[in-house]
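Some notes on the structure that comes next.
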Amino acid sequence: MVKPNIIKTSENPLQTLEVEVFDEYGERLTKQIACERPLTVMLNWKEVVTLMTLGSRPESLVLGYLKNQSFLSDPEALESVIIDWETHTAAVITKESTEQVEGALKKKTVTSGCGQGTMYGNVMKQLEHYQVPQTSIKQSEIYSALEALTHYNDTYKKAGAVHGCAVCTANEVLSFVEDVGRHNAVDTLAGEMWLNQQSGDDKIFYTTGRLTSEMVIKVAQMGIPVLLSRSGVTQMGLELAQKFGITTIARAKGLRFQVFTGAEKINFDVKGNTDK
């Protein structure tokens, strides 16, 4: 597969910034805060949306966003991605027809995603009868994934104020990304998988954020059958997970988790006391 030309006018910006703060006793401290900057996405030089992001992997973020909104479907048609941090723009150039974009932009739903996520009307229509591959997972594999994930979250450990998402197998974390919005993080991973033509059949998707409708839809688009979250699930997120056949595991931390959908696909193979 021929990949698009990635053009960056400068290095990716800093992820954290050192600032002075005062504690509850009036003592001066030095702390890290997460950076946040706008990135306006353009498709064939037509403005689509402005995302607020850390900016760690902007090319994957914009490709994942456009793919998840069904504005792009053919990775072979991509010509270039131009990232310009001076103008805070990301331009995606493709030979694929983009005539449908203007109409879709008029049918926008603002979701509960932090930083105001968006979903466009054509997305749900395409997923109307879709189900992810149906695979099983062991309880011990969930524990292994959670243990592996404890070695990530670098920006969060330094500064907080960010979400983390990962694509994993039962044995390893394949890719982990942090951003100021969890929808940015999932779009970044979706962009990487799409560009590399990776299948989601045997993957686990992990997020530190809550499982809203938007998050479940994007994981379904990636074809990933198991969704793992440190946080909770919303009603619509739960209903969509049932519709798509996604095994949904939330409140997952240490040796504790709650299965909201797909319990019949989990092999509870760990015996004895799992209190932690």
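Read-outs throughout are calculated quantities, based only on the coordinates presented, and are distinct from any laboratory measurement. Just so it is clear, the model here is predicted, and its values are computed rather than measured. All Cβ positions, glycine included, derive from the backbone under ideal geometry; neighbour counts span all protein chains shown.
Each of C35, C165 has some number of other Cβ atoms within 10 Å of its Cβ, and from fewest to most they run C35, C165. For the chain, the dipole from Cβ point charges (+1 on Lys and Arg, -1 on Asp and Glu) about the Cα centre works out to 720 debye, to the nearest 20.
The calculated FRET efficiency for the pair A161 and N5, based on their C-beta separation and a Förster distance of 25 Å, comes to about 0.15.
Per residue of the chain, the DSSP helices (runs of n ≥ 4 H) give a summed -39500 (n - 2.57) that works out to -7500 deg cm²/dmol at 222 nm.
Note on the chain: GNM, Cα springs under 10 Å; of M124, M222, M193, the largest mean-square fluctuation is that of M124. Where is the GNM fluctuation largest for the chain (alpha-carbon springs, 10 angstrom cutoff): V180, V19, V226? Among V180, V19, V226, the largest mean-square fluctuation in the Gaussian network model of the chain belongs to V19. Semi-axes of the equivalent ellipsoid for the range 137-267, computed as √(5λ) from the eigenvalues of its C-alpha gyration tensor and ordered from largest down, come to 19, 17, 15 Å. Proximity of backbone amide H atoms, modeled 1.01 Å from N, is registered between W85 and T9, S10 at under 5 Å, excluding neighbours fewer than 5 places apart on the same chain. Need one word for the chain: rounded, prolate or oblate. Basis is the Cα gyration tensor (sqrt eigenvalues a ≥ b ≥ c); a/c below 1.5 gives rounded, then a/b vs b/c decides. In terms of gyration-tensor shape, oblate.
Fully extending the segment from E86 to K138 would add 14.0 nm, taking 0.36 nm per residue of separation and subtracting the current Cα-Cα distance. Since only L195, T248, L14 are under comparison, the one whose Cα sits farthest along the positive direction of the charge dipole of the chain, derived from C-beta charges on Lys, Arg, Asp and Glu, is T248.
Entry note, the chain: relative contact order of 17 percent, from Cα contacts under 8 Å with a spacing of 6+ residues.
Placing +1 on the Cβ of every Lys and Arg and -1 on the Cβ of every Asp and Glu, with nothing else charged, gives the range 137-267 a dipole about its Cα centre of roughly 460 debye.
Phi angles of the range 6-18 translate, via the Karplus equation with coefficients 6.51, -1.76, 1.60 and θ = phi - 60°, into HN-Hα couplings of 9, 10, 10, 7, 7, 5, 4, x, 4, 8, 9, 9, 7 Hz per residue; Gly and Pro are given as x. Local charge for T207 was computed over the other residues whose Cβ lies under 14 Å away, with Lys and Arg +1 and Asp and Glu -1, and equals +3.
Only aspartates and glutamates eight or more places from K46 in sequence, or on another chain, were considered; those with a Cα closer than 17 Å are E59, E79, D84, E96, E99, E102. Less than 5 angstrom separates the built amide H of V162 from none of the residues sequence-distant by 5 or more or on a different chain. At full extension, N12 and L255 could sit 83.8 nm farther apart than now, given 0.36 nm per residue minus the alpha carbon distance.
Bridges between two residues of the chain, per DSSP, are antiparallel at a rate of about 65%.
With θ taken as phi - 60° and the Karplus curve 6.51 cos²θ - 1.76 cosθ + 1.60 applied, the whole-hertz 3J(HN,Hα) list for the range 249-255 is 10, 10, 6, 9, 7, x, 9 Hz, x standing for glycine and proline. Using a Gaussian network model of the chain in which every pair of alpha carbons under 10 angstrom is joined by a spring, one finds that among K243, K95, K218 the greatest mean-square fluctuation is at K95. The fewest-to-most ranking of R182, R251 by surrounding Cβ atoms within 10 Å reads R251, R182.
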